[in-house]
1. To the nearest 0.05, how large is the calculated FRET efficiency for Gln509 and Lys473 if R₀ is 25 Å and r is the Cβ-Cβ distance?
2. Can you pull the one-decimal nm distance between simple spin-label points at Val345 and Met285, each 7 Å off the Cα toward Cβ?
3. Test of the criteria: in segment 33-82, which chymotrypsin sites (Phe, Trp or Tyr not before Pro) are in a DSSP loop and have at most 12 other Cβ atoms within 10 angstrom of their Cβ?
4. Filter the GluC sites (Glu not before Pro) in segment 68-141 to those in DSSP coil with at most 11 other Cβ atoms within 10 Å of their Cβ, and list the result.
5. Full-extension gain between Gln28 and Gln431, please, as 0.36 nm times their residue separation minus the C-alpha to C-alpha distance.
6. With only Lys, Arg, Asp and Glu charged, each at its Cβ (+1 for the first two, -1 for the last two), find how big the charge dipole of segment 4-115 is about the Cα centre; round to the nearest 20 debye.
7. Quote the FRET efficiency, to the nearest 0.05, computed for Glu45 versus Asp438 with a Förster distance R0 of 22 Å and r equal to the Cβ-Cβ distance.
8. Put +1 on the Cβ of each Lys and Arg and -1 on the Cβ of each Asp and Glu in the chain; which of Gln11, Gln238, Gly471 then has its Cα farthest toward the positive end of the dipole?
Amino acid sequence: MQTASNQMFEQFEHSLSMIRHASVDVLQLLKIYVAEGKDPRWFLEQLEQARLNLGGWTNVAKRLHLNDAEMSEFTLQLRHLQQAVPQYERGQNVHENQRIAALRFLSTLEAVKAKQPRLRYDTKVGEAGDDLQTQARRQLRALELTIKALVSQAWPDTLQLTNHLKLQFGADNVRRWLTLGNSGDILSGMMFSELALLLVDKKEFARHYSTIFHTATSLTYLVDPRITLQAFLEHCRQLRNAVISGRPLSSAELALLDSYSQQIAGPVQRAFELKKTGVNPSTYMIVDDAALQEFWDQAIERDKESGGDTTSVSDNIEGQGRHAKRTPEEREQLISGMLWGAVGVMVLAIIGGAIWIFSSEVAQRPIPRVPTAEALESTELEVPSPRERLSSLGVTWDAFSLRSAIDRNDVKVAQLFLQGGMNWELSWTEQAMAIKNDEVLELLLRYRMQMDEPKPCRRFINDVSHAMINGQKLTMMRKSYLQTFCSRPPVIARQYHELELAQQRMQSQPNELNKKWLDIQQAIYDQIR
């Protein structure tokens, strides 16, 4: 029999081989013709060339029949693979994170092929028969029950749990869960993404679950175990939706689900064996066919009643189901709008009165036909508005077009959008930061009051941190953005907490990676404090 390491090696090798073949088909569709595919770094470079040839990621996405989010996911998974496998020669040692990266990108390639029928590459890495499909349904059930058990252990009092959920998610969501769920079991009415959020939320994780999941051998795919857990549970949500819709999982998805189960349930199982928790995940895998079918029948019924689990697993509960408080800028804009509205009403009243008086005078005496200054001005051509100028350029007035202009460093188009009053979000600058589109980034800083993304710093700091861990620098532009948007007491306090966690991790597991992560958190904290 093959050992687990040999199976992992062969699966990884086979996955890379299929990715190389798939890269040839994808690039051909993007008008880049190559004889054979190479390593992930090469594929990423060729995609960048296709972007330049076709005039932007928007045109690349159109050829692949992908929307903006799907195109971003495609490039993100390829970057993760490239970082895990910068160069590879057959026979090298393979670790689990490399295999996961290869399978996740292979799964993404499957989704692209489903969108674009002209792609014909193969993505099969093994068997996907009925027995394996049944095993996958058991694993997804076990993961869901494990999460429920962990939450129930953290909140043993049902009333306290209900009040906590009401405070975090709002009364409307709690009423919905109580209606959908079993009597006395509010968790049974929650969607998988909502259950997962209770586990990976930053505060909940630190308070109740970090001691279970912070182990040296699991959840190291991304730098932070919590972020890794979030990414894996998000893919589990997608796989669960596939099962509910009746679509069999592919061989790559089955292999990934098996890895996710080990990575997520493994630390809980070890904690149970060490008597650090009362949750035993292995018991949830023991279920007969009838009970398993009943579980999925109920899941399908609740999915129909709730309208489907379409929300991605977030990394924090803040703002879920509640109206976010207006920022000072939003309040200023609201007050300004009301004042200008009042001024407009007064101007209309004045104009109306003037017209009435003017009409009365005209009726009484003739007016000399002498051209006034106002009449002369009215004959001059009006200057076209920013929207009209964009329309003449063939650019649609929408947020997607502004984001595309930012990505391609098109300062002229971006400035017209901003002059026209369109708001922008800090998350839209990720690609511009990565490829140093400083011109458009400086433009956005000049229109900082139009940045209306609520609580943007958690994601922005996370993006900066991971860019730096992958070799990028804390540039002057990144420093300017951190100081402009993130130098606020709540953000500073949160970053100080991140710095403390990095220090603790360095003390418990001193190595080069943890040292680098500590330096990054310190550098970011120094910029915003």
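Where a number appears in this text, it was derived from the coordinates with a stated rule and is not lab data. Just so it is clear, the structure is predicted and the values come from calculations on it, not from any experiment. Because the Cβ atoms are built from the backbone with ideal geometry, glycine has one as well, and the counts that use them run over all protein chains shown.
1. Values: r = 25 Å, r/R0 = 1.02.
So, using R0 = 25 Å, E works out to roughly 0.45.
2. 6.9
3. Tyr33
4. Glu89, Glu127
5. Result: 142.6 nm gained on full extension.
6. 280
7. Efficiency at R0 = 22 Å is approximately 0.50.
8. After comparing all options, I get Gly471.
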